[in-house]
Amino acid sequence: MTSSDAISDAQDAAKRNLWLHFTRMSAYEDSDVPVIVRGSGAYVYDQHGKRYLDGLSGLFVSQVGHGRTEIAEAGARQAAELAYFPLWSYAHPKAIELAARLADLAPGDLNRVFFTTSGSEAVESAWKLAKQYFKLTGEPGRYKVLSRDIAYHGTSMGALAVTGLADIKHPFEPLVPGGVRVPNTNFYRAPGFVAGDEVDFGEWAAEEIERTILREGPQSVAAIFLEPVQNSGGCFPPPPGYFQRVREICDEYGVLLVSDEVICAFGRLGYYFGAQRYEYQPDIITFAKGVTSGYSPLGGMLVSDKLMEPFNAGTATFLHGVTFAGHPVSCAVALANLDIFEKEDLLGNVRANEAAFRSTLEKLYDLPIVGDVRGAGYFYGIEMVKDKVTRETFTDEESERLLRGFLSQALFDAGLVCRADDRGDPVIQLAPPLICGQEHFDEIEQILRAVLSEAWTRL
Ligand SMILES: Cc1ncc(COP(=O)(O)O)c(C=O)c1O
């Protein structure tokens, strides 16, 4: 069989047998399914050998970049020694070592690690823990969770109830009861009365959390889930003072603060955890993605000593677990991944270069379609608008034509993996591997400039 026959067979099988996630499969009736076959550093390659800059780290995952043989070898060594054993009643050395290392890196007294295999499972676990904790400590009425408008927290039924995106929830309703929304921190779209000052806006957004807790009844609210920088909607950083005020409100009403760091942990914002960058102390941190840089799946939650306390006594047991959580290969891979973070000072690289990343993207402000460039660290969203002065956004039809009809494919064809999304207003999201530097920022900027200029002429 020639290599072009093999490629064509793979295309046929992909169209016939593989179900892509969050993907309109009909889009591939008349065009090829993109197939990525290998990666090296900040680049990936398709089946034809064409190179793409991985401007999204796969899916906010590949922090150390692709093709790191030392991580692959650590995984292979572990598979040969002990491929699998559960964390149900037993421990294994790499889970112990990784738990201790994560507890050491985490802020404050988040000393207990409960592993999962994914971010959704981490969020699901955190909500279940909050519920059981309150049942054990004499407040059984606390079951609700607050989270922000258009925030994404995962797809399993519980995590979906925490998620604030109506469109991806509707097909699966009724969901787990108890998910309640509060405003997000999109300053570009702030209500008029606080649009002039970011501190005022942050205070208002935090006070809305207090008002929501009071409206729902404080004795019914278990937790609030917040990302350090909200991904969905296009990278909303927290206004100054926001998290400090949220912490005070949580303390006042006995509500647990869960920092959902599935994207923001492990260097994305230049720190091991986003809570460290914004200087707040969560009760739980959920993580996944970057903990292994994707060389093997792993997620989990870091839990405070206070939350662990009732589970340390008598017959109390957290009645929750999954077979592959804390898989030995994934734990070995995570440790090798963290070794690279240290050896190559990846946090230092992000901190040293984030201003350059921002200013390179800000060059795009001279394009009429670029309304807002926002984010932190190596995590940015570019909001596209029809009118920069009025900030008018696109109609649904224009958004469909712009994002799905043109931008996503055009950016990929131009050699950039990123994400054109309209879960809030239309945005392009960027999260390159943490090894990137100015030459990668320039490449991103040049591709975006060409494709966004073309998009404007098609409107
Ligand atoms: C903040 C946040 N929480 C949870 C999840 C769900 O993670 P997973 O896709 O690993 O289930 C995601 C995924 O992107 C996320 O960004």
Number of the condition not met by residue 85 [criteria: (1) more than 15 Å from the ligand (Cβ to nearest atom); (2) out of contact with any helix residue (DSSP H, G or I) (no Cβ under 7 Å at 6 or more places or on another chain); (3) open to solvent by 30 Å² or more (accessible area, probe 1.4 Å)]: (2)
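Residues checked against (1) part of a loop (DSSP other than H, G, I, E, B); (2) at pLDDT 95 or above; (3) within 22 Å of residue 330 (Cα to Cα):
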site	(1), (2), (3)
78	no, yes, yes
85	yes, yes, yes
112	no, yes, yes
126	no, yes, yes
151	yes, yes, no
query: So is residue 274 modelled with pLDDT of 95 or more, crowded, with 24+ Cβ neighbours inside 10 Å and on the phi > 0 side of the Ramachandran plot or not?
result: no
Subset of region 89-98 [part of a helix (DSSP H, G or I) and either surrounded by fewer than 16 Cβ atoms within 10 Å (Cβ to Cβ) or out of contact with any Leu (no Cβ under 9 Å at 6 or more places or on another chain) (or both)]: 93, 96, 97
message: Would you confirm, using the coordinates I've provided, whether residue 339 is at pLDDT 95 or above, open to solvent by 20 Å² or more (accessible area, probe 1.4 Å) and farther than 30 Å from residue 85 by Cα?
response: no
query: Hey, among 242, 253, which residue is away from the ligand (no atom under 16 Å from the Cβ) and open to solvent by less than 30 Å² (accessible area, probe 1.4 Å)?
result: 242
query: In this structure, is residue 444 buried (at least 20 other Cβ atoms within 10 Å of the Cβ) and closer than 14 Å to residue 383 by Cβ?
result: no
Residues within region 256-284 that are touching a strand residue (DSSP E or B) at 6+ places or on another chain (Cβ under 8 Å), within 16 Å of the ligand (Cβ to nearest atom) and of a type in the set (Ser, Thr, Tyr), tallied: 1
task: Scan 125, 147, 118 and give me the residue that is under 30 Å from residue 342 (Cα atoms), within 16 Å of the ligand (Cβ to nearest atom), within 24 Å of the chain's Cα centre (by Cα) and surrounded by 24 or more Cβ atoms within 10 Å (Cβ to Cβ).
output: 125
- request: Give me a count of the residues in region 282-319 that are charged (D, E, K, R) and surrounded by 24 or more Cβ atoms within 10 Å (Cβ to Cβ).
  value: 2
- prompt: Does region 212-223 contain any residue that is within 16 Å of the ligand (Cβ to nearest atom), under 24 Å from residue 380 (Cα atoms) and either at pLDDT 95 or above or open to solvent by 60 Å² or more (accessible area, probe 1.4 Å) (or both)?
  reply: no
- prompt: What number of residues within region 326-336 are outside any helix (DSSP H, G or I) and open to solvent by less than 10 Å² (accessible area, probe 1.4 Å)?
  reply: 1
- line: If we ask which residues in region 153-188 are closer than 20 Å to residue 383 by Cβ, away from the ligand (no atom under 14 Å from the Cβ) and either touching a residue at least 60 places away in the same chain (Cβ under 8 Å) or not in a loop (DSSP other than H, G, I, E, B) (or both), their number turns out to be 5
query: Looking at residue 62, is it within 16 Å of the ligand (Cβ to nearest atom) and either in contact with a Leu (Cβ under 7 Å, 6 or more places away or on another chain) or outside any helix (DSSP H, G or I) (or both)?
result: yes
- request: Kindly establish whether residue 422 is more than 23 Å from the chain's Cα centre (by Cα) and not aromatic (Phe, Trp, Tyr).
  value: no
query: For residue 67, all conditions in the list (1) more than 16 Å from the ligand (Cβ to nearest atom); (2) over 30 Å from residue 443 (Cα atoms); (3) in contact (Cβ under 8 Å) with a residue 24 or more places away in the chain hold save one; what is the number of the exception?
result: (2)
task: Considering only region 384-398, state which residues are surrounded by fewer than 14 Cβ atoms within 10 Å (Cβ to Cβ) and under 14 Å from residue 423 (Cβ atoms).
output: 396
query: Has region 382-403 got any residue that is within 23 Å of the chain's Cα centre (by Cα), on the phi > 0 side of the Ramachandran plot and either outside any helix (DSSP H, G or I) or not acidic (Asp, Glu) (or both)?
result: no
query: Which numbered condition trips up residue 198, out of (1) more than 16 Å from the ligand (Cβ to nearest atom); (2) within 26 Å of residue 302 (Cβ to Cβ)?
result: (2)
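The values are calculated or read from the model by the stated rules, or taken from the named source; none is laboratory data. Because the structure is a prediction, the values reported are computed rather than measured. Cβ: placed from backbone, ideal geometry, glycine included. Neighbour counts: every protein chain shown. The area values use the complete protein model at the heavy-atom level, side chains included, leaving out ligands, DNA and RNA. Shrake-Rupley method; radii C 1.70, N 1.55, O 1.52, S 1.80 Å.
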